[in-house]
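Visitor: Questions regarding the structure given below will be posed in turn.
The values are calculated or read from the model by the stated rules, or taken from the named source; none is laboratory data. Since we're looking at a predicted model, the values are computed, not measured. Here the Cβ positions follow ideal geometry from the backbone for every residue, glycine too, while neighbour counts run over all protein chains shown.
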Amino acid sequence: MIERTPILNFFTHLILFIGFIVAVGPLAIVAIAASHNLADVNKVPMSLIPGSDFWVNMKTAWTTANLGPKLVNSLIFAGGVAIGKVLISAITAFSLVYFRYPGRHFIFWLIFITLMLPLEVRIVPTYAVAANVLSPYQGLLDITGISWLIQKLTGVEVSLNLGLLNSYPGLILPSIATATGTFLYRQFFLTIPDELTEAARMDGAGALRFFIDVLLPLSRTNMAALGTIMFLWAWNQYLWPLLVTTDPSYMTAVIELKSLIPNVGGLPEWHIAMAGTLIVMIPPLAIVVLMQRWVVRGVIATEK
């Protein structure tokens, strides 16, 4: 039994309070800055008393950055990445755990090693593939001489080209593979009793039915935790959406925040930039609030 003392309780609450201040302090400063006018926000030091221009600044940021369509793009991008990562991870882990084929452990470690290769490291080849998905097949035809043979026989030049730039698939597909999700599902599937698998087999359930009717319902907390984490990760992505979207109609809200950056040589409009930041923060914050209980269950459940 842990002894509870007033002194220990005091220091425990003090540490919690300090952590709360560290976590919420920057958000409070952003909200206060978003409520000031141009003159007050540029004072040194800035007043920590909220101003009266909060809603005016929010409206200005919304219209200046055209955040309505950009938030929709961000929701499509982040939602598509989250769903894709959950499904791909579940299917991959199902194959690694429940199918016996040569090299499956080697394949798992190859997937696991990709944790050391974030998107920023492989950005050039990923962009090249997104610019032309069929470029590997074109290279294969060129190396084997098939394209040269077809041109000699028919006079037709073989040129395979399918670009995904400035499209939702180009935003989503290169980001849906995840070693983290595969590892999470694999560890969970390994805890499923063999008796459950045998019972499903005796009932005549095939692999696909066992996966859909048994494993996926048991993995609800995993799916909620992984989906929430991946949604937040995708929502905050900057580099990849910046590279693949040159058409403003496909840009995300995080990318569009750059239009609120103070102009060079002018008086910084930080109040508008902070208001836009608050607007962009609302959807992921709402997701965290709604999914908090599921995330905690999926991350710290005892059966893991």
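Visitor: (1) free of Cβ contacts under 8 Å to residues at least 24 places away in the same chain; (2) under 17 Å from Thr277 (Cβ atoms); (3) crowded, with 16+ Cβ neighbours inside 10 Å: which one isn't true of Ala28, the others all being true?
Guide: The single condition Ala28 does not satisfy is (3).
Visitor: Continuing with this model, one more query. I need the full set of residues from region 28-47 which are over 18 Å from Ile261 (Cα atoms) and under 26 Å from the mean Cα position of the chain (by Cα), in order please.
Guide: Scanning region 28-47 gives a single hit, Ala28.
Visitor: Next question, about the same structure. Please tell me if Leu14 is touching a residue at least 24 places away in the same chain (Cβ under 8 Å), of a type in the set (A, V, I, L, M), surrounded by 10 or more Cβ atoms within 10 Å (Cβ to Cβ) and under 30 Å from Val295 (Cβ atoms). Spell out the reasoning first.
Guide: Values: touching a residue at least 24 places away in the same chain (Cβ under 8 Å): no; of a type in the set (A, V, I, L, M): yes; surrounded by 10 or more Cβ atoms within 10 Å (Cβ to Cβ): yes; under 30 Å from Val295 (Cβ atoms): yes.
No.
Visitor: Turning to a different aspect of this structure: When Ile49 is evaluated against the numbered criteria (1) in a helix (DSSP H, G or I); (2) surrounded by fewer than 10 Cβ atoms within 10 Å (Cβ to Cβ), which criterion, by number, is the only one it fails?
Guide: (1)
Visitor: Quick one: which helices (runs of 4 or more DSSP H) sit completely within region 52-128 and have at least 1 residues that are of a type in the set (D, E, K, R) and surrounded by 15 or more Cβ atoms within 10 Å (Cβ to Cβ)? Quick ask: steps written out before the conclusion?
Guide: Numbers: elements: 54-64, 67-98, 104-113.
Fully inside region 52-128 and qualifying: 67-98.
Visitor: Quick one: is His36 part of a loop (DSSP other than H, G, I, E, B) and either touching a Gly at 6+ places or on another chain (Cβ under 7 Å) or surrounded by 10 or more Cβ atoms within 10 Å (Cβ to Cβ) (or both)?
Guide: yes
Visitor: Related question: Can you tell which of Phe17, Phe77, Phe54 is under 25 Å from the mean Cα position of the chain (by Cα), under 22 Å from Leu285 (Cβ atoms) and not aliphatic (A, V, I, L, M)?
Guide: On the way: Phe17 fails: under 25 Å from the mean Cα position of the chain (by Cα); Phe54 fails: under 25 Å from the mean Cα position of the chain (by Cα).
The unique qualifying residue is Phe77.
Visitor: Taking region 152-204 on its own, how many of its residues are assigned to a helix (DSSP H, G or I), touching a helix residue (DSSP H, G or I) at 6+ places or on another chain (Cβ under 7 Å) and of a type in the set (Gly, Ala, Ser)?
Guide: Counting residues in region 152-204 that are assigned to a helix (DSSP H, G or I), touching a helix residue (DSSP H, G or I) at 6+ places or on another chain (Cβ under 7 Å) and of a type in the set (Gly, Ala, Ser) gives 5.
Visitor: Enumerate the pairs (first residue in region 151-169 and farther than 11 Å from Val133 by Cα and at pLDDT 80 or above; second residue anywhere and assigned to a loop (DSSP other than H, G, I, E, B) and among the hydroxyl-bearing types (Ser, Thr, Tyr)) with beta-carbon separation below 8 Å, excluding pairs fewer than 6 apart on the same chain, so at least 6 apart or on different chains.
Guide: Sorted first by the residue in region 151-169, then by its partner, the pairs are Asn166/Thr245; Asn166/Thr246.
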